[in-house]
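> Before I ask anything, let me first share the structure, which is written out below as structure tokens.
Since every read-out is calculated from the coordinates, none of them should be taken as a lab result. Predicted, not measured: the structure shown is a model, and the values here were computed from it. Note that we place each Cβ from the backbone using ideal geometry, even for glycine, and neighbour counts take in every protein chain shown.
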Amino acid sequence: MTFAWYGHLKLTEMKILPANAPLYVVILLSWAMALMEYMFMVPANRYGFRGNGGAFSLMQLKIIQEVISLTVFTVFTVVCFKGEPLEWNHLAAFFCLILAVFFVFMK
């Protein structure tokens, strides 16, 4: 999803996607990319959910998804958009996410 939502900005810079591409082209391209993630995420949630025999509650699944998503976004931003700095408050936010994982899995 990260690449679907933000990657088109880099595709324009790399001259893969024209800067004047119509919005509907960008939306269709983004949805095509996002489809791949949905094809993995939906089964993962289905099989991971405690109500379907999995190991996790809905809250745990969501927290796991958010941590993975923000980690991927951070790596993507630092690698692809080199002008975007990683600052102390971003690291503090990650620490809060780690605390969220701790608390959601706490009995």
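> Assuming R0 = 35 Å, what is the FRET efficiency of I68 and N20, from their Cβ-Cβ distance, to the nearest 0.05? Don't skip to the answer; put the middle values down first.
Working: r = 34 Å, r/R0 = 0.98.
The calculated FRET efficiency here is 0.55.
> Quick check on the chain: helices-only [θ] at 222 nm, where DSSP H runs of length 4 and up contribute -39,500 (n - 2.57) each and the sum goes over total residues. Nearest 500, please. All intermediate terms of the calculation are to be shown ahead of the outcome.
Numbers: 4 runs with 73 residues, N = 107.
Estimated from H runs of four or more residues: -23000 deg cm²/dmol.
> Rounding to the nearest 20 debye, state how big the charge dipole of segment 1-67 is about its Cα centre with +1 on each Lys and Arg Cβ and -1 on each Asp and Glu Cβ.
Magnitude of the dipole: close to 120 debye.
> Please label the shape of segment 26-68 as rounded, prolate or oblate, based on the square roots a ≥ b ≥ c of the eigenvalues of the alpha-carbon gyration tensor (a/c under 1.5 means rounded; beyond that, a/b larger than b/c means prolate, else oblate). Spell out each step's value before the answer.
Values: a/c = 4.18, a/b = 2.16, b/c = 1.93.
The shape class here is prolate.
> What residue among A44, A21, A93 shows peak mean-square fluctuation when the chain is described by a Gaussian network model with Cα springs under 10 Å?
In the Gaussian network model the winner is A21.
> Over 17 Å, how big is the tail of the calculated P(r) for segment 1-104, in percent of all Cα pairs? Walk me through the numbers on the way to the answer.
Working: 3410 of 5356 pairs.
It works out to 64 percent of all Cα pairs.
> Then there is this: So for the pair F94, Y47, with labels modelled 7 Å out along Cα→Cβ, what separation do we get in nm?
Those two pseudo-labels are separated by 2.9 nm.
> Gaussian network model of the chain, Cα springs within a sub-10 Å range: biggest mean-square fluctuation belongs to which of M33, M59, M14?
Judging by the Gaussian network model, the answer is M14.
> Next question. Efficiency by 1/(1 + (r/R0)^6): what FRET value for K82 and F102, r their Cβ-Cβ distance, R0 = 30 Å, to the nearest 0.05? It would help to have the intermediate numbers written out before the result.
On the way: r = 32 Å, r/R0 = 1.08.
Given R0 = 30 Å and the Cβ-Cβ separation, E is 0.40.
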